[in-house]
Each structure stands twice: as C-alpha cells, then as structure tokens.
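The values are calculated or read from the model by the stated rules, or taken from the named source; none is laboratory data. Remember, it's a predicted structure, so these values are computed and weren't measured experimentally. Here the Cβ is made from the backbone with ideal geometry for all residues, glycine too, and neighbour counts use every protein chain on show. These area figures cover heavy atoms from the full protein model, side chains too; ligands, DNA and RNA do not enter into them. Shrake-Rupley method; radii C 1.70, N 1.55, O 1.52, S 1.80 Å.
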Amino acid sequence: MTDLQITLFGAGGVFIVGVFSYNKWQEYKAKKSVERAFSTDHDDVLMREGDAPVTDVPEPVLRQEPRFDAAPAAKAEPSFGAPPAAPVSDAPVHAEPSLGDSPAEPVQAPAAEPVQEVSAASEQATSLVDPLIDCLLPLSLEAPVRGDKILPVLQTLRLVGNKPVHFIGLHVNGDWEPITHGGVYTKMQGGVQLASRSTALNELEYSELVTRLRGVADEIGAEPEVPDMMEVMAEARNLYRFVAGHDAQLGVNLHTNGAPWAISTLLFALEKQGFDVRPDGRFVMPDGDGSYLFSLSTNVTLAEETTPRLTLLLDVPCVAPARDGFGSMVACAKALVGRLDATIVDDYNQALSDAALAEIAGQVQEFYQEMDAADIPAGSTRALRLFS
C-alpha cells in the first residue's frame, strides 16, 4: 500500500467519524426540543386532577329532514307516485265527475318520525311544525327565554311568499308547545311549509327565510341551524308533486228541465236544503264542526237575476272519508232535483246515472287510500294545510 492510499484511507475515516458525530448531535438537539415542548410544567386544564368534567353542554337539537317515502340509495328524488301527466295550473282544478286513473300501486310512505324531543301529548305543537310537510329550523337558545319577550319578534316572521312559518318551544316542564305568553322555553323549533296548493317553496323564498331567520335569532339570543338549500328544494318539489297530483275538485251539476231559475227562488230552496251563505257570496253545506262539506255555485255573476245551472263542488282532499263528502253531495243534488225540477248532469250536460255516480264513489275511496298511504289523510290537519 502506498503512502497516498494510506493518506486517503485516513482522511476518509476522519470524514465518516465527523458525519456520524454531527448526526448524533442533531438527534440530541431534536430530542431536547421535543422534551421541552411536551414538558409537564404547563397548567393543562384538561388534565387537572379533582376537577369534575363539564357536563352542562346542551345537547344539539336533532334536525330530521322530512321524508315522504323510503330514501333511495342514489340521489334520485323520491316520489309519492305517478306525477300528473300535464303541468298543473296554480288555480284549483274543477275536475269532471271522475277522479281519473289512479296509480296501480300507491307508493307506501312510512309515517314520518316526529322531532325526537316532541312528546306524544304535544299534538298542537307537532301540527304547527310537522316534519313531513315543513322544513325544520332548530334554534339553540343561549339561555331560557320568556314567551312574552320573544313573541313580538317571532310575529315578524310568519310568511315567506305564501308559505307559513311557525315556531314552537320546549317548555321548562318538558313539553313542546306553541310559544305563548307566560311560558319559559329552553329550546325552539321553527318550520316553514314546503309546499302549498299553488307552489313549492323556491330558492328565492328560502333565501329570504334564512336572512330573516338570522335576524330574528339575533334578537332573541338564539343560533339557528339552517338546512342545506338543495336538500330543502328537493323535498319541496317532491311534496308539491304529491299536492298537484291530488288536487281534486269533484263537481256534479244540476240543469233546469224548464225555464232558468230565478236567483230569489233559488235562495229560498237552498236555505231549505241547509246551505249557508258566506260573506263572499258562496253557498256552503256546513259539516257541523265549523267547516263545510261542499259548496255550490250559481255559475252567474251577482248582477244576474236567473241561472239555468247549479254546480255542487267537493274539495276531495279537504274532507275526511268518514264524513262521506261525495255521498252527501249526491244526496243533496238528488233532493234539489225534486225541489227545482232539474237533472243531474256532467260538465257536458250528459245525464249522470246512479251507476255512474256509484263508480265515481268507488274512485273517491281509492283516492282516499292513496292519501292514507302517503300519511296525509284527507281532511287531516296536514291535508288542510297543504290544500288550503
């Protein structure tokens, strides 16, 4: 081995020892740094011995999106059943004396679960803020509030567009109830109706709602939980499809067999038959509970003195099956036939036989079954809210 090789080997060994020593020094410095950062000299409030854990953090209000049928695995929107074949106008439909073809298999919609905290005794509260037909708006309160103080603020947010907004509160006694004077509430729940007979809740209305809701929440010391707009719009459209597809107004007509009837003569006959005259001039058949079973139109303006035709009209989704609105309407029409010398006809002046009327009555029962399957029974509070 030459002197040059020995020198080179020696220099290489010194270099290797130097690198090794430098790495060890760096590891030592890093270790000391970590030890200082995680030393136990800090006063860690989470690790103090003897302190009880914080347990008074309020539970979040569980928001349950309203549902109408079993949620699909994909993002496809659920549906109550077959949508209407043609677009439905905003005005109520005066149907022929037939409800048409109903879906062969009505969609079975499970009953929506109420808000978790709502007890069975709070029926009035759940009828105002209903998970099936309302978008739920939980509000977490900073502290218990009195109804007297928050009611004036809540009154400023009662409608967005034509959709009603309601609020209920969790009373200190543990029951959900409509917010009233004298009540003290620890939680609140708002709700905006997703659809009406005329329209679904839309993006503009929902944006307005969110803006106004935040203002109300600031005034009463609450924090609102705002649902995702896209989800709410999908629910609103779905509910509106159901409403539009079941907005059935069923009419039968009486046509004079002779000269047109004088309006003054009609008034006497209708009063004898049990009709009430409403302030707006409509004739209605009372149901005994403050509402009515069906209405009657003279088909002429108030300025006219005679009419050859009367129309009895049943708002099918708004009358409970137990009241037999269609049967009562047909019985009334037959009674008026004798009083007025008339014939029961359809919209095309074709006489309606007893067999035809019986067939229509069967279709009405099928219609009621569809509404029951959707958990929106005809004549129920839900139905009256949706079809008002």
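Values computed for the structure shown
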| read-out | value |
| --- | --- |
| Residue list for the range 301-314, restricted to those being touching a residue at least 12 places away in the same chain (Cβ under 8 Å) and either of a type in the set (A, V, I, L, M, F, W, C) or crowded, with 23+ Cβ neighbours inside 10 Å (or both) | LEU302, LEU310, LEU312, LEU313, LEU314 |
| Of the criteria (1) more than 18 Å from the chain's Cα centre (by Cα); (2) crowded, with 21+ Cβ neighbours inside 10 Å, which one LEU201 fails | (1) |
| Among (1) modelled with pLDDT under 95; (2) not in a helix (DSSP H, G or I), the one test that ILE344 misses | (1) |
| Residue selected from the range 265-300 under the condition aromatic (Phe, Trp, Tyr) and touching a Ser or Thr at 6+ places or on another chain (Cβ under 8 Å), by the criterion modelled with the lowest pLDDT | PHE283 |
| The range 269-284, subset farther than 17 Å from VAL300 by Cβ and not charged (D, E, K, R), residue least open to solvent (accessible area, probe 1.4 Å) | VAL284 |
| Number of positions in the range 339-387 that are touching a strand residue (DSSP E or B) at 6+ places or on another chain (Cβ under 9 Å), closer than 30 Å to LYS163 by Cα and open to solvent by 20 Å² or more (accessible area, probe 1.4 Å) | 1 |
| Top-ranked residue of the range 151-181 - restricted to ones that are in contact with a strand residue (DSSP E or B) (Cβ under 8 Å, 6 or more places away or on another chain) and more than 20 Å from ASP134 (Cα to Cα), ranked as least open to solvent (accessible area, probe 1.4 Å) | HIS171 |
| Selection within the range 235-252 - open to solvent by 10 Å² or more (accessible area, probe 1.4 Å) and either over 23 Å from PHE294 (Cβ atoms) or in contact with a Cys (Cβ under 9 Å, 6 or more places away or on another chain) (or both) | GLU235, ARG237, TYR240, ARG241 |
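Condition check ((1) at pLDDT below 95; (2) farther than 30 Å from PHE283 by Cα; (3) over 13 Å from the mean Cα position of the chain (by Cα); (4) open to solvent by 50 Å² or more (accessible area, probe 1.4 Å)) across all residues:
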{"residue": "VAL192", "(1), (2), (3), (4)": "no, yes, no, no"}
{"residue": "ARG214", "(1), (2), (3), (4)": "no, yes, yes, yes"}
{"residue": "GLU219", "(1), (2), (3), (4)": "no, yes, yes, yes"}
{"residue": "ALA222", "(1), (2), (3), (4)": "no, yes, yes, no"}
{"residue": "GLU225", "(1), (2), (3), (4)": "no, yes, yes, yes"}
{"residue": "MET233", "(1), (2), (3), (4)": "no, yes, no, no"}
{"residue": "LEU254", "(1), (2), (3), (4)": "no, no, yes, no"}
{"residue": "ILE263", "(1), (2), (3), (4)": "yes, no, yes, no"}
